[in-house]
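Chemist: Structure in structure tokens, see below.
Read-outs: derived from the displayed coordinates by stated rules, not from any lab. Fair warning: this is a prediction, and the values are worked out from it, not measured in the lab. A quick note on method: Cβ atoms are made from the backbone with ideal geometry, for glycine too, and the neighbour counts reach across all protein chains shown.
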Amino acid sequence: SALESDLRRSLREGGFALHYQPQLDRDGNPTGAEALVRWLHPEKGMISPADFIPLAERTGLIVPLGNWVLEAACRQLAAWQQDAHTASLSLAVNVSVRQFRHPDFVEEVEGVIRRTGANPARLKLELTESLLLDDVEEIISKMTRLRQLGVCFSLDDFGTGYSSLAYLKRLPIDQLKIDRSFVRDVLTDPNDAVIARTIIALGHSLGLNVLAEGVETEAQHRFLLEHGCHHFQGFLFGRPRPVWREAGVVVV
Ligand code: G
Ligand code: G
Ligand code: MN
Ligand code: NA
């Protein structure tokens, strides 16, 4: 398709950018950010990943695109490490199933860490539950190898998929992200409230940290905080932006 050849061209010519959305702890202090890719289309302007990630996945272009994202994110991490105000920040990077399943993924991550000098302990790979639909043993072994490099894992969109709780405790993950579809109506829909509280309790009992995404109002924040959720991300705290601004420091 035309969009596919545009995507190939932009990959060659560097037509992508990362935006950063802050993540905060229970005291409101920033702990880091999630990197979100944007396509700077030559004619159509900025395109959201929701509109091109599926195409990139279908065509396999997600592999080179995902590698670019990893490299750009790790360069940002390495830059943060140079400044006392930002040195402790972590950076979450979304990884597609197809990208994760690529045979060279572990080597790719290892190479990017080496080239950029990013501290792997500050790199958080966001995986989705759909990863766990097939060949769980292989996924676990790959995650374990990545874990040995020092990287962390977060399970994105948690609650929307089919992950078996039996697998969950075998995965070397650090964090569950409550999907924003549950956060949106957490105050008005009793089912969503129960789901959010259940994910928080599950996280606590498995020793995982739980982050609520898509937090837009003080009331949602308060409810989640009161029920034990200690990490937050959403428009209430900051939209995705091309640079990180914190305490007067601007790091590009
Ligand atoms: O930033 P935005 O809300 O438009 O993101 C839309 C979707 O695109 C989200 O589901 C997000 O997880 C996904 N996404 C954003 N950046 C990346 C990326 O770098 N890689 C992958 N695989 N998905 C991404
Ligand atoms: O699917 P994933 O969680 O990786 O992607 C995050 C997406 O959600 C980004 O595209 C981001 O722009 C969007 N987003 C982030 N915070 C909010 C929020 O508070 N409300 C809504 N509606 N979307 C958000
Ligand atoms: Mn994500
Ligand atoms: Na998500």
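Chemist: Can you give me the number of residues within segment 57-76 that are touching a Ser or Thr at 6+ places or on another chain (Cβ under 7 Å) and among the aliphatic types (A, V, I, L, M)?
Modeler: 1
Chemist: What about residue 101, is it over 19 Å from residue 49 (Cα atoms), in contact with an Asp or Glu (Cβ under 9 Å, 6 or more places away or on another chain) and either within 16 Å of ligand 1 (Cβ to nearest atom) or among the polar types (S, T, N, Q) (or both)?
Modeler: Yes: the conditions hold for residue 101.
Chemist: On to the next question. Can you tell me which residue within segment 35-50, out of those that are within 8 Å of ligand 1 (Cβ to nearest atom) and part of a strand (DSSP E or B), is farthest from the chain's Cα centre (by Cα)?
Modeler: 38
Chemist: Could you give me the residue pairs with C-beta distances under 6 Å whose first residue belongs to segment 164-176 and is in contact (Cβ under 8 Å) with a residue 12 or more places away in the chain, whose second residue is of a type in the set (Ser, Thr, Tyr) wherever it lies, and which are 6+ apart or on separate chains?
Modeler: Within 6 Å, the pairs are 172/144; 175/154.
Chemist: What number goes with the only condition from (1) buried (at least 22 other Cβ atoms within 10 Å of the Cβ); (2) of a type outside the set (Val, Ile, Thr); (3) outside any strand (DSSP E or B) that residue 92 does not pass?
Modeler: Only one criterion is unmet by residue 92, namely (3).
Chemist: From 238, 228, 161, which residue is within 16 Å of ligand 3 (Cβ to nearest atom), surrounded by fewer than 19 Cβ atoms within 10 Å (Cβ to Cβ) and under 22 Å from residue 29 (Cα atoms)?
Modeler: Of 238, 228, 161, the one residue that is within 16 Å of ligand 3 (Cβ to nearest atom), surrounded by fewer than 19 Cβ atoms within 10 Å (Cβ to Cβ) and under 22 Å from residue 29 (Cα atoms) is 238.
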